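Taking it in order: structure first as C-alpha cells, then the write-up.
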Amino acid sequence: MTDTSVDPPRTPRRSPAGAAEAPRPAARRGHRPGTTRPDDGNATAATRPAGTRPATARPAEGATGAARPVPSTPSATERPASGAAGVAGSAGPTGADLHLDLPATGSRRSALMDALREAIRSGRLAPGTRLPPYRALAADLGIARNTAADAYAELVAEGWLTARQGSGTTVAERAEPVPPTRTRRSSRPPRPAHDLRQGQPDAAAFPRTAWLAAGRRALTAAPNEAFGPGDPQGRRELREVLADYLARARGVRTDPDRIVVCSGFAHALRLLFDGPRAVLQARTAGPLAVEGYGLAFHRGLLAAAGATTRPLPLDEHGARVGGLTEDPEIRTALLTPAHQFPTGGPLHPGRRAAVVDWARGRGGLVLEDDYDGEFRYDRQPVGALQGLDPERVVYLGTASKSLSPALRLGWMVLPDHLVDRVLAAKGEREAWASALDQLTLAEFIDSGGYDRHVRRMRRRYRDRRDRLVGALAEHAPHIEVTGIAAGLHAVLRLAPGTERSVLKAAAYRGLVLDGLADYRHPLLAAEAMPATDGLVVGYATPPDHAYPAALEALCAILPPPL
C-alpha cells in the first residue's frame with residue numbers, strides 16, 4: 001500500500017535571541033559550488049507546504065530594464081523585532097527600494113552587477129546598507145530570479161556584499177574606498193568681524209514664537225483649496241487684511257481686488273518691466289526717471305529689461321521733481337517719498353503734490369517704493385503718496401524690512417487699469433510666493449501680531465540710531481549724521497576726498513559698510529548735484545551683543561577733523 005501522507009513543514013530553528021531563523025535553502029540546479037547563495041528571506045521549495053504553487057516573478061509590463069517599484073510584504077525573517085530600529089542583525093539602513101538603471105540590451109546579470117558595483121563605489125550604497133531580497137529586486141527590474149540571485153552571489157564572492165543566513169544581504173564594510181570628493185571653495189567672502197551693511201533687519205529679532213502660532217492658526221483654518229495651485233493675485237485672506245492695514249497705517253486707498261501679491265520689490269520691477277508680457281514695456285513707456293542716489297541692483301535690473309533711467313537730482317527736500325516736466329519723453333518715475341534711499345530725507349509736501357499733478361497731466365505713473373515707511377522715530381510716519389491719486393501711483397511694499405527678507409513677500413497696490421495686465425505678466429499660477437506664508441502673514445496681521453512687532457522694532461531701531469549718534473558725538477563730533485531719524489540706516493557726511501581711504505581702513509579692521517559713492521547714478525551730472533563723500537551705516541544689522549563693538553570699530557576708522 002502506497003503511503004500518501006505528507007510530511008509537515010519543517011519548524012524553523014530559533015536563534016539565541018528567540019527570533020525565527022530561516023530554514024536552510026535546498027541546493028539549486030545551476031548554483032556554482034563555492035559561492036554563498038544570498039538569503040532571500042522567503043520560504044524555499046524545500047520548506048513550502050505541499051499543495052502550494054511557487055510565486056512566479058512576472059516582469060513589469062513593458063519593462064526594458066528600468067526599475068519599477070513593486071511593494072512587497074517582508075517575511076518573518078525580514079521584519080525587525082517589535083521596538084527594534086532597523087532589521088534584526090543589520091546595523092545599517094534598510095534598502096527597501098533600490099534605484100538601478102540597467103541598459104536595455106546585453107546580459108542582465110552583468111548589467112545588474114555593474115550597476116550595484118557603481119552604486120557602492122560612488123558611495124550611494126553605504127557600508128551596512130541592507131539590499132532588498134533578490135526576488136523583490138528581480139520583480140522590480142523585470143528580470144529572472146536566478147539572474148538576480150546569481151548577481152548577488154557573485155558580488156558576495158567578490159567581497160562587495162555580505163550574506164548571512166536570516167539577515168539578508170548587505171553592502172560589505174568598504175569593499176572599495178570611495179575617492180574623496182573635492183571640496184568646493186565658496187566664492188563668498190568670509191563673515192566680517194563687524195557688519196554695518198544697510199538694508200538688513202536684525203535677523204535675531206524675527207518673532208519666531210508669534211509667527212509659529214500664527215502659522216498654526218492659519219493652517220488650521222485654511223480651506224482645502226489653499227493647498228492646490230496658487231492664485232497669481234495672491235491669497236484673498238492676505239489681500240483683505242493688507243487693504244485694511246495699509247489704509248490704517250500708511251494712508252493707502254485701495255481694496256483687495258487691486259492688490260497683487262509678489263515676491264519682493266525686485267520681483268515687482270520684473271513684472272512691470274521685464275519679459276515679453278511686461279506691463280510697462282521699455283519701448284513704449286519711454287525712459288524712467290529715478291532718484292540720483294539709489295540701489296545699483298535696481299538700476300541693473302531695469303537696464304537688463306531694456307529700460308533707460310534718467311536721474312533726478314536730490315536736495316534736503318528730496319528729489320527735484322520739477323525736472324520731470326522738462327523732459328517730454330519721461331512718463332514714469334520711481335521714487336522713495338517717505339524716506340529717500342539712501343540719503344534719508346522725505347519728499348517735500350509741495351513736491352509730492354507736484355509729482356502727482358505731473359502724472360495726471362502727462363498720463364504717466366509714479367512708482368512709490370515704501371521700503372521702510374513704518375520706521376520713523378521723531379514723529380508719525382509720513383503717509384503714502386498713493387493716497388493722493390490711486391489711479392496714478394503704483395504702491396510697492398514688502399515685509400523684508402519689517403519682518404525678514406527670507407519671507408520673500410511683497411505687494412503691489414495698482415491702479416484699476418493695470419491689475420489684469422500685471423496678472424497676465426505673472427501667469428496662470430503663482431510661481432513665487434508661498435500660499436502658506438501668505439496665510440500666515442494674513443493671520444499675523446489680523447491678530448495684531450504685526451503691529452506689536454513693528455512697534456517693538458521701532459523702539460529697538462530708534463535706540464540703535466540714538467546709540468550711533470551718541471557714539472559719534474563722543475568720539476567724532478565733527479562727523480555729521482544726515483537725513484531724518486527713520487529707517488534702518490544713517491548717512492555719515494565725510495570730508496571731501498576721504499571716503500575711499502575710510503573704506504580701506506574699515507576693510508582692514510574687518511568692518512563692512514558701504515560708501516555713498518556706490519549709490520550715485522552714473523549719469524548724474526556734477527553740475528546738477530555735486531558728489532559728496534559719506535558712509536551708509538546700517539545700524540539694524542548686528543545683533544544686540546555685537547553692536548557696541550561695531551560702533552567702536554566704526555569710530556576708530558573715522559578721519560580726524562581737518
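Here are the numbers for this structure:
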{"item": "Selection from segment 353-362 of residues that are open to solvent by 30 Å² or more (accessible area, probe 1.4 Å) and of a type outside the set (Asp, Glu)", "result": "Ala353, Ala354, Arg360, Gly361, Arg362"}
{"item": "Looking only at segment 123-140, and only at residues there that are open to solvent by 30 Å² or more (accessible area, probe 1.4 Å) and within 17 Å of Leu100 (Cβ to Cβ), the one that is nearest to the chain's Cα centre (by Cα)", "result": "Arg124"}
{"item": "Pairs with Cβ under 9 Å, 6+ apart, first in segment 131-160 and closer than 20 Å to Thr105 by Cβ, second surrounded by fewer than 24 Cβ atoms within 10 Å (Cβ to Cβ) and of a type in the set (S, T, N, Q)", "result": "Ala138/Asn146; Ala138/Thr147; Asp140/Ser72; Leu141/Thr147; Gly142/Thr64; Thr147/Ser107; Asp150/Thr35; Ala151/Ser110"}
{"item": "Criterion: touching a residue at least 12 places away in the same chain (Cβ under 8 Å), open to solvent by 30 Å² or more (accessible area, probe 1.4 Å) and closer than 21 Å to Ala525 by Cα - qualifying residue of Leu295, Leu334", "result": "Leu295"}
{"item": "Residue list for segment 235-246, restricted to those being open to solvent by less than 20 Å² (accessible area, probe 1.4 Å) and closer than 16 Å to Leu423 by Cβ", "result": "Leu238, Arg239"}
{"item": "Matching residues in segment 363-374 - criterion: being under 22 Å from Ala266 (Cα atoms) and part of a loop (DSSP other than H, G, I, E, B)", "result": "Gly364, Asp370, Tyr371, Asp372, Gly373, Glu374"}
{"item": "Qualifying residue in segment 514-522 (condition: at pLDDT 95 or above, open to solvent by 40 Å² or more (accessible area, probe 1.4 Å) and part of a loop (DSSP other than H, G, I, E, B))", "result": "yes"}
{"item": "Asp327 being open to solvent by less than 50 Å² (accessible area, probe 1.4 Å), of a type in the set (Asp, Glu), at negative phi and at pLDDT below 95", "result": "yes"}
{"item": "Residue list for segment 363-373, filter: modelled with pLDDT under 90 and open to solvent by less than 20 Å² (accessible area, probe 1.4 Å)", "result": "Asp372, Gly373"}
{"item": "Cβ pairs under 6 Å, 6+ apart, first in segment 498-523 and of a type outside the set (D, E, K, R), second open to solvent by 70 Å² or more (accessible area, probe 1.4 Å)", "result": "Gly510/Ala193; Val512/Arg197"}
{"item": "Qualifying residues in segment 186-234 (those that are without any contact (Cβ under 8 Å) to a residue 60 or more places away in the chain and of a type in the set (D, E, K, R)) - the one surrounded by the most Cβ atoms within 10 Å (Cβ to Cβ)", "result": "Arg216"}
{"item": "Qualifying residue in segment 500-513 (condition: of a type in the set (S, T, N, Q) and modelled with pLDDT under 95)", "result": "no"}
{"item": "Those helices (runs of 4 or more DSSP H) lying entirely in segment 375-483 with at least 1 residues within 23 Å of Ala222 (Cβ to Cβ), of a type outside the set (A, V, I, L, M) and open to solvent by less than 20 Å² (accessible area, probe 1.4 Å)", "result": "435-446, 449-475"}
{"item": "Within segment 206-223, tally of residues that are within 10 Å of Leu439 (Cα to Cα) and among the hydrophobic types (A, V, I, L, M, F, W, C)", "result": "5"}
{"item": "Residue among Ile120, Ile143 that is buried (at least 16 other Cβ atoms within 10 Å of the Cβ), at pLDDT 90 or above and among the aliphatic types (A, V, I, L, M)", "result": "Ile143"}
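Per-residue answers, yes or no, for (1) open to solvent by 10 Å² or more (accessible area, probe 1.4 Å); (2) of a type in the set (Lys, Arg); (3) within 28 Å of Arg376 (Cα to Cα); (4) touching an Asp or Glu at 6+ places or on another chain (Cβ under 8 Å):
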residue	(1), (2), (3), (4)
Arg248	yes, yes, yes, no
Asp255	yes, no, yes, no
Arg299	yes, yes, yes, no
Leu302	no, no, no, no
Ala305	yes, no, no, yes
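Yes/no matrix, rows are residues, columns are (1) under 35 Å from the mean Cα position of the chain (by Cα); (2) in a strand (DSSP E or B):
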residue: Ala490; (1), (2): yes, yes
residue: Lys504; (1), (2): yes, no
residue: Ala507; (1), (2): yes, no
residue: Pro530; (1), (2): no, no
residue: Val536; (1), (2): yes, yes
residue: Ala546; (1), (2): yes, no
residue: Ala549; (1), (2): yes, no
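The values are calculated or read from the model by the stated rules, or taken from the named source; none is laboratory data. The structure displayed is predicted, hence computed values, not measured ones. No Cβ is skipped: glycine too gets one built from the backbone with ideal geometry, and neighbour counts run over all protein chains shown. To get the accessible areas, we keep the full protein, side chains included, count just its heavy atoms, and leave off ligands, DNA and RNA. Shrake-Rupley method; radii C 1.70, N 1.55, O 1.52, S 1.80 Å.
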